[in-house]
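The values are calculated or read from the model by the stated rules, or taken from the named source; none is laboratory data. The model shown is predicted, which means the values in this text are computed figures rather than measured ones. Cβ placement follows ideal geometry from the backbone for every residue including glycine, while neighbour counts extend to all protein chains displayed. In case anyone asks, the SASA skips ligands and DNA or RNA and just uses the protein heavy atoms, side chains included. Shrake-Rupley method; radii C 1.70, N 1.55, O 1.52, S 1.80 Å.
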Amino acid sequence: MLVCSDLGNLYLRTPSGRYPVHSISYSDPHILVTDPLMWNCRDGDHFRPTRPFSLDTSTPFTLSSQNDYLFFNCSEDYVIVEPKPIFCERFPDRCDSSCDSASYLCRHLPECADALSASSCCSYYPKATESLRLMLRYCASYTSVYWKTVGSTTNSPYSQVPEYGIRFDFDVPVTTHCLQCQDPSKGSGTCGFDTQTHNFLCLCKEGNVTSYCKGHDISRHKRAGVIAGTVTGISAAGAIGIGIGIWVVKKVRAKAPVTCGVQSNENRIF
C-alpha cells in the first residue's frame, strides 16, 4: 500500500487513489495523508470536483476516530443539515443521520476561519463509502480534519489542535525476535530491519545479527540499509519503531463493517 513515485515521494495507495503521505509516527502509530482534491483554505467559496475516499477493510490500517469531515453547500432537500444538539434532542432516532451545522470546526475552520463567506458547512462522519458517495452527490465538496496532539499531555483541553489531513491508525506487533534481541540476558540489542534483505536485524554494539547479540557471531551490515527501533514495554500492547513495510501485519477483525449482510466494494469503510 505504500509506494514511492519516480521523484521519491511516498504515497498511500487505496481503492480510491494514491494519497501523498505527510508523516508517519511510530510512538503513536499512525500515518497522516493528504488529498489534493479535498477542499482547502485557498478554495474559499469555490468548490472543485472531488472524489469519495475509501479504505479496504482487509488492510492493516483503520481510519482514526480523531478524524472529522466537513461538507459544504449540501442540498437540504436531501441532506439533514441541522444544529445537532437541538436536532438530536427532538429526533434522537435520526441523530446519526444529521449533518451538524453547529459544528465547532465549521465555525472555526483551521487556519482560515473566514474562508467561507457565502457557503454553508456541516460536520458528518460517513460510516461507509456508499454514505460518502451519497453525501457528495448532494454536497458541493468536503474536507477532512484530524485532531493533532500537541505537548506532552493529553489531559489538557488544549492538548489537541485541528489540522487538515486524514489519519490512519495501525498496530505494530511485538515479535519474539525483537523481545529476545532486547533481553538484557541476551545482550540488550536494538530491534532493527534490513532494508536490503527485508529481514529482521538485532543491532548490537559490535555489529548486527539476525537473532540476538550475546553468544552469536557478529555479522556486520551497512548502516545505510538498516532501520532501528525500540520497544517501550514487554507486553502485547508494546510498540516497536521499525520499518512499516514488514512490521505492519494484517489483523483479523472480529467486526468488519457489513451493509445488509453483505460486504463488498460498495461498503468499504470510509
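Among the protein heavy atoms of region 94-178, carbon and sulfur supply 48% of the accessible surface, probe 1.4 Å, non-protein parts ignored.
What number comes out for the charge environment of residue 99, summing +1 per Lys or Arg and -1 per Asp or Glu over other residues with Cβ under 14 Å away?
The answer is -2.
3J(HN,Hα) along region 10-19, derived from phi through the Karplus expression 6.51 cos²θ - 1.76 cosθ + 1.60 where θ = phi - 60°, amounts to 8, 10, 9, 9, 10, x, 9, x, 10, 10 Hz, with x in place of Gly and Pro.
In nm, what is the difference between 0.36 nm times the number of residues separating residue 58 and residue 161 and their Cα-Cα distance?
That pair, residue 58 and residue 161, stretches by 34.0 nm at full extension.
With protein chains left intact and a 1.4 Å probe, residues in region 2-170 average 52 Å² of accessible area per residue.
Give me the compactness ratio for region 1-138, meaning the Cα radius of gyration over 2.2 N^0.38 Å.
Values: Rg = 16.5 Å, N = 138, 2.2 N^0.38 = 14.3 Å.
It is 1.16.
Considering only alpha-carbon pairs that sit under 8 angstrom and 6 or more positions apart, the relative contact order computed for region 99-219 is 13 percent.
Measuring r between the beta carbons of residue 78 and residue 18 and using R0 = 30 Å, the FRET efficiency lands at 0.45. Positive contributions from Lys and Arg (+1) and negative ones from Asp and Glu (-1), summed over other residues with Cβ under 12 Å from the Cβ of residue 188, come out at +2. In region 2-170, Cα pairs under 8 Å separated by at least six residues give a relative contact order of 29 percent. Test of understanding: extend the Cα→C-beta vector of residue 138 to 7 Å, then name every residue of region 94-127 with backbone N under 13 Å from that spot. It comes to 97-100, nothing else. For residue 37, no residue whose modelled amide H falls within less than 5 Å of its own remains once neighbours fewer than 5 places apart on the same chain are excluded.
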